[in-house]
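All remarks here apply to the structure that follows.
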Amino acid sequence: MDRILIEALAVDTVIGVYDWERTIVQSLRLDLSLATDIRPAAAADDLRLTLDYAAICQRIQRFADENQFALVETFAERLAECLQQEFSIIWLRLTVRKPSAVPQAASVGLEITRGTLP
């Protein structure tokens with residue numbers, strides 16, 4: 001199985017548990033690893049036969065624009081569900097970092113894996 005990678009994608013959204021966080025837009029950084037078989041796309045040199053990472057990145061920002069969550073955990077879980085359903089992704093690993101959450105840390109966040117590899 002092959003993997004499409006998207007690294008350090010900057011996404012702006014309203015997220016946080018504190019009242020002041022609910023009034024500002026914060027930046028998240030996302031890393032994704034998406035399982036697919038690239039051989040058909042490579043053989044035909046056809047974007048329609050693979051995961052379109054530009055379309056996926058656009059959908060992620062639209063998801064962030066349309067939703068406001070208290071927890072990064074909820075953001076990650078719902079985004080993973082969205083991507084798997086809309087792009088027929090059978091397996092993904094998603095890391096979400098919130099750089100501004102803890103001043104003493106470069107970032108904090110989490111990594112989830114969803115789906116099953118064939």
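The values are calculated or read from the model by the stated rules, or taken from the named source; none is laboratory data. Everything quoted here is computed from the prediction, not taken from an experiment. FYI the Cβ positions are ideal-geometry reconstructions off the backbone, even for glycines, and counts take in every protein chain you see.
A few points about this structure:
- Scanning the range 8-40 for residues being surrounded by fewer than 18 Cβ atoms within 10 Å (Cβ to Cβ) and either assigned to a strand (DSSP E or B) or on the phi > 0 side of the Ramachandran plot (or both) gives a total of 9.
- Of the residues L5, L83, L117, the single one that is touching a strand residue (DSSP E or B) at 6+ places or on another chain (Cβ under 7 Å), surrounded by fewer than 16 Cβ atoms within 10 Å (Cβ to Cβ) and not in a strand (DSSP E or B) is L117.
- Conditions (1) in contact with a strand residue (DSSP E or B) (Cβ under 8 Å, 6 or more places away or on another chain); (2) among the acidic types (D, E); (3) more than 15 Å from R3 (Cα to Cα); number of the one not met by D37: (3)
- Residue-level analysis places R29 among those that are in contact with a Lys or Arg (Cβ under 8 Å, 6 or more places away or on another chain) and among the charged types (D, E, K, R).
- The conditions of being exposed (fewer than 12 other Cβ atoms within 10 Å of the Cβ) and out of contact with any helix residue (DSSP H, G or I) (no Cβ under 7 Å at 6 or more places or on another chain) are met by A43.
- For the range 69-118, the set of residues classified as modelled with pLDDT of 95 or more, among the hydroxyl-bearing types (S, T, Y) and either closer than 21 Å to T23 by Cα or in contact with a His (Cβ under 6 Å, 6 or more places away or on another chain) (or both) consists of T74 only.
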